[in-house]
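Data block below; observations after.
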């Protein structure tokens, strides 16, 4: 693996700390210091004016724009693109003293420190500003987003003169005027802003996206002492410019609490209008709101860490890394907003247009399955909510049933790269896998009957119409692209065929089960979608005759027809400066050999681990790992987990560190675009599924912990059947206990064990 770490942030087990400001690392820091609460997210850009390279990213989940290309498309190629749009900059601040406006690109500053406290979710930044007029000011910015009142976010600015006094002007407001980077234009129409000056200053402005017609009402309350007040009400900006008289050694504080209301494409305009009116008439002061929101948010994070923390002994870098991953996962999604999905960059950047991909169900879902049932259910509900769009997509691609999109925000396929959007079936089979996994862990029969069965039947209809029989009567999928996106237009991709077979068999099982257990619920579903049970006969035949490319002598699954005959490329010979390859290699050069972007065969061997022998796992790992360039951020974790299972502890650890610190150390040199959300979910799997040996695909939940050589020990927690289980491992012993009165059954190193609050102890195998 040729990629190397780019060390920049100070190592601290509970914090991310930047000491001294490096403009060349500015946008990377913006991504790392992002805050979010599922409803909204904001990059770690500077509150005040900054003329250097930046991305003013303030986002709302489900608020997006759409563009149409000016060229013609063939049938099946998306004729539009959806993208997450940067919205109101609620941190908008300008600071001026003696005619000089504070700008970190040009100002004389010292003692710069930025600190994200993952225990509390609070971001702080401090520095000393030496003005051109010879004055010295200590400046402090604080911000957090509420985890309990998700429409709320806060900002606090404190300025303290050092050996001086004088007048300073602080402008604080709301700004819709930002240019969208990719489109190179502003995407908002705004109504005139509102300014009310009372005990607190109230500002409000309503923005509507130009093409999609979605709305955001941004508002804030500002509390500050000032001797002068000026209204700023421009086309897309509303702000208050305050004149402040500073006294030497005395703190001056401005407190700001925002309340942002959104209207999505499935929203009710009347409800939106009512919410806006409620915001305008709220009486509680900014300071009181700030204090309450801060306490509630700190309490919320305290509970998260009590149930989800992972501890590592003797490895502060990866202790920081895994907590950063857990922190970002909870920021991104925790079940606060029903019917939304997780974008590839969460709410931290605009790469991939903010779209959600197939890896939500395969990489993110396990984290929520074992930490937050409501969040996992909501993720799957998004797929039901968008089922009609999947049906439309299937029709466009000359298929029956439902064909889930590779890239989407609204549920529509908006990837206009035909080789991805039209050739990849794994979004649909991932939904089937997600339903199976959710049901397996929670036994939520009502969800399956109300939503799951309908989705499964429509996915199976698509799978039965997308493939075909060969001349020997075997069924397969032709002209497809599997998870490895460096191989396109291939036949019988093994992952695709394997997951197709699984999806069909699981659907048949659920049909028979629900028909027997709840005929009324079954009848309701089949009438709604006009299902004929004769369809199942064909599905059974397809599953029975599915082509799975496997050699019993070598124990190898062939990634697709002809893969073993491709020219070999030594991936370790690629210079680090060539990454990312998409930016430095011609498109066709990437596809001319056996180089793999990310695990393909190894992926389904992890998802259904119990179905394969250790001999099979070993053979396939040793064949495919040397072919993998890990150009996808999802790749290292899968390899780490399987390497750990195979006893390749050093290799497992190296991959683990790569995945866990993917963004903190900018391994792929693209953290500036936003964090790798699904990758950090997979990093959590590194410990729990990798070193912890958790396996959840078999009849029982199994654990088989191992300890990396450099660690003194570690611990992790999972929620299973409503009970939190803590697993502690040191060099010699494993200790497992429940944090409650309930007991659960686990398989530990092959032995069935009842676990309760008294705990169970055994030797590390």
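Each reported figure results from applying straightforward, stated rules to the coordinates on display, with no laboratory input. These numbers come from a predicted model, not from an experiment. Quick reminder, even Gly has a Cβ in these numbers, built from the backbone with ideal geometry, and neighbours come from all protein chains shown.
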**Item:** Using alpha-carbon coordinates, inclination of helix 534-544 to the longest axis of the chain, degrees
**Value:** 80
**Asked** Looking at the square roots a ≥ b ≥ c of the eigenvalues of the Cα gyration tensor of region 33-284, which shape do they give, rounded for a/c under 1.5, prolate if a/b is larger than b/c, or oblate?
**Response** prolate
**Where the Cα pairs of region 475-606 fall when distances are cut into 5 Å bins, in %** = 2, 9, 15, 16, 14, 11, 10, 8, 6, 5, 3, 1, 0
**Rg in Å to one decimal, and Dmax rounded to a whole Å, for region 299-358 via C-alpha atoms** = 13.9, 41
**Prompt:** Using Cα atoms only, what is the angle between the long axis of helix 519-529 and the major principal axis of the chain, expressed in degrees (0 to 90) to the nearest 10?
**Reply:** 80
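Rounded, prolate or oblate: pick one for region 590-666, where a ≥ b ≥ c are the square roots of the eigenvalues of its C-alpha gyration tensor, a/c under 1.5 means rounded, and failing that, prolate if a/b is larger than b/c, else oblate.
Note, shape of region 590-666 comes out oblate.
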**Message:** Taking 51 Å as R0, compute the FRET efficiency from the Cβ-Cβ separation of residue 374 and residue 472 and round it to 0.05.
**Reply:** 0.60
**Asked** Pulled fully out, how much extra length does the chain show between residue 5 and residue 591, if you take 0.36 nm times their separation in residues and subtract their Cα-Cα distance?
**Response** 208.3 nm
**Item:** Two-decimal ratio, region 642-702, of alpha-carbon radius of gyration to 2.2 N^0.38 Å
**Value:** 1.26
**Asked** Given [x] 109, 57, 24; [y] 46, 30, 26; [z] 52, 34, 24 as candidate values of semi-axes √(5λ) of the Cα gyration tensor in Å, which corresponds to the one derived from the coordinates?
**Response** [y]
**Request:** Express as a percent, rounded to the nearest 5, the fraction of DSSP beta bridges in the chain (both residues included) that run antiparallel.
**Result:** 95
**Prompt:** Could you state the principal axis extents of the C-alpha atoms in region 372-545, from the largest down, to the nearest angstrom?
**Reply:** 42, 38, 28
**Message:** Please state the shape class of region 726-765: rounded when a/c is under 1.5, otherwise prolate if a/b exceeds b/c and oblate if not, all from the C-alpha gyration tensor.
**Reply:** oblate
**Request:** Can you tell me the 0 to 90 degree angle between the C-alpha axis of helix 635-645 and the longest principal axis of the chain, rounded to 10?
**Result:** 60
**Complete:** Only helices counted: for the chain, with every DSSP H run of 4 or more residues adding -39500 (n - 2.57) and the sum spread over all residues, [θ] at 222 nm is -9000 deg cm²/dmol
**Item:** Extension gain (nm, one decimal) between residue 298 and residue 516, 0.36 nm per residue minus Cα-Cα
**Value:** 73.6 nm
**Item:** Rg ratio (alpha-carbon, reference 2.2 N^0.38 Å) - region 237-339
**Value:** 1.56
**Fill in**
Computed on Cα atoms, the radius of gyration and Dmax of region 665-765 in angstrom are 15.6, 47
**Asked** When a footprinting reagent is the concern and you count Cβ atoms within 10 Å, what order do 282, 27 take, fewest first?
**Response** 282, 27
**Request:** Just the number, please: Stokes-Einstein D of region 105-163 in µm²/s, Kirkwood Rh from C-alpha pairs, 10 °C, 1.306 mPa s.
**Result:** 123
**Efficiency of FRET between residue 106 and residue 283 - r from beta-carbon atoms, R0 56 angstrom, step 0.05** = 0.85
